[in-house]
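Only one structure is covered here, and it is reproduced in the block below.
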């Protein structure tokens, strides 16, 4: 039986993106250069990114890291899925949106992205070329310009190479003040419940057409949850064939947490021939973002 070898990496580049907007040009360029060098170092076949931002200026030109990442990583295929944007969620409490208005931007947005060296296939017909789909998994009643009300989405694609694995990247909710030492039990419980609901919606999305058909699925992203949190326990317990790819240097992927909150999962266990996984802790990682990348080499049958 033919197997497919893939290197998959996930990285929340939000920490780097925040510095890209700083007035300090040297800091901005240093972060950008570190990110470019890191992308080359990771050398992933499939790169899953969270908190990718871009804007369209007054002349209609699109300013995005997408093309630069594709160039440095030699990715022929890339797709960006918006989760929040000026055109849909304009909010005067969101500083970047107000800045965009007075810089005459036509739009600003933030979301998830997938870069791949393998072509994208249609979700229902892997022998035909297709595009990823951006599926909401949380829509607030009203967007208030803060992380508590940030919409959330799962970006889902399929690779056009046997055994045609599905790939999804997502970024789950974290609440304001949740990580502070004096965070109340109520805030923590609310955050845990929101992440649990979002994982449940992901499972609802993929159950009939992926899980029940025993199709291979890679889920990677910033879960904002450590491995023992209920949302991840639910993912692994309710679907026992899901496996977390445990890094050999398992540890924190963000300075505010004790353990990893960025993860890669695979389904079903019996189609995973082998894997290795690690957290990229080099200096480039720490310069490029406040999150560390998680990288896995998989052999899938």
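Look through 255, 216 and report the one residue that is within 18 Å of residue 294 (Cα to Cα) and either touching a helix residue (DSSP H, G or I) at 6+ places or on another chain (Cβ under 7 Å) or exposed (fewer than 15 other Cβ atoms within 10 Å of the Cβ) (or both). Outline the logic, then answer.
On the way: 216 fails: within 18 Å of residue 294 (Cα to Cα).
The conditions single out 255.
Is there a residue in the range 263-282 that is in contact with a helix residue (DSSP H, G or I) (Cβ under 8 Å, 6 or more places away or on another chain), in contact (Cβ under 8 Å) with a residue 60 or more places away in the chain and surrounded by fewer than 20 Cβ atoms within 10 Å (Cβ to Cβ)?
There is at least one residue in the range 263-282 that is in contact with a helix residue (DSSP H, G or I) (Cβ under 8 Å, 6 or more places away or on another chain), in contact (Cβ under 8 Å) with a residue 60 or more places away in the chain and surrounded by fewer than 20 Cβ atoms within 10 Å (Cβ to Cβ).
Is it true that residue 54 is in contact with a helix residue (DSSP H, G or I) (Cβ under 8 Å, 6 or more places away or on another chain), under 22 Å from residue 262 (Cβ atoms) and at pLDDT below 95? Even if it seems obvious, please write down each step before you answer.
Working: in contact with a helix residue (DSSP H, G or I) (Cβ under 8 Å, 6 or more places away or on another chain): yes; under 22 Å from residue 262 (Cβ atoms): yes; at pLDDT below 95: yes.
Yes, satisfied.
Condition test on residue 111, is it in contact (Cβ under 8 Å) with a residue 24 or more places away in the chain, in contact with a helix residue (DSSP H, G or I) (Cβ under 6 Å, 6 or more places away or on another chain) and under 20 Å from residue 158 (Cα atoms)? I'd like the intermediate steps shown before the answer.
Values: in contact (Cβ under 8 Å) with a residue 24 or more places away in the chain: yes; in contact with a helix residue (DSSP H, G or I) (Cβ under 6 Å, 6 or more places away or on another chain): no; under 20 Å from residue 158 (Cα atoms): yes.
Considered against the rule, which asks whether it is in contact (Cβ under 8 Å) with a residue 24 or more places away in the chain, in contact with a helix residue (DSSP H, G or I) (Cβ under 6 Å, 6 or more places away or on another chain) and under 20 Å from residue 158 (Cα atoms), residue 111 comes out as no.
Considering only the range 123-148, state which residues are in contact with a strand residue (DSSP E or B) (Cβ under 8 Å, 6 or more places away or on another chain) and either crowded, with 16+ Cβ neighbours inside 10 Å or within 30 Å of residue 96 (Cα to Cα) (or both). Walk me through it before giving the result.
To start, the set of residues in the range 123-148 that are in contact with a strand residue (DSSP E or B) (Cβ under 8 Å, 6 or more places away or on another chain) comprises 123, 126-138, 143.
Across the range 123-148, the qualifying residues are 123, 126, 130, 131, 132, 133, 134, 135, 136, 137, 138, 143.
Okay, residues lined up against (1) surrounded by fewer than 20 Cβ atoms within 10 Å (Cβ to Cβ); (2) at pLDDT below 95; (3) under 23 Å from residue 223 (Cα atoms):
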| residue | (1), (2), (3) |
| --- | --- |
| 1 | yes, yes, no |
| 6 | no, no, yes |
| 83 | no, no, yes |
| 102 | yes, no, no |
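Which pairs turn up if I take residues in the range 196-218 that are under 15 Å from residue 241 (Cα atoms) and look for partners that are part of a helix (DSSP H, G or I) and at pLDDT 95 or above with beta carbon separation below 6 Å, at least 6 apart in sequence or on another chain?
Sorted first by the residue in the range 196-218, then by its partner, the pairs are 216/271; 217/210.
Can you tell me which residue within the range 40-61, out of those that are outside any strand (DSSP E or B) and in contact (Cβ under 8 Å) with a residue 60 or more places away in the chain, is nearest to residue 279 (Cα to Cα)? Before the answer, list the steps.
Here is the first cut: in the range 40-61, the ones outside any strand (DSSP E or B) are 40-45, 57-61.
Filter again for in contact (Cβ under 8 Å) with a residue 60 or more places away in the chain, leaving 41-42, 44-45.
Working: 41: 13, 42: 10, 44: 13, 45: 16 Å.
The qualifying residue nearest to residue 279 (Cα to Cα) is 42.
Just wondering, is there one or more residues in the range 219-238 that are under 30 Å from residue 122 (Cβ atoms), part of a loop (DSSP other than H, G, I, E, B) and over 15 Å from the mean Cα position of the chain (by Cα)?
No.
The values are calculated or read from the model by the stated rules, or taken from the named source; none is laboratory data. Computed from a predicted structure; not experimentally measured. No Cβ is skipped: glycine too gets one built from the backbone with ideal geometry, and neighbour counts run over all protein chains shown.
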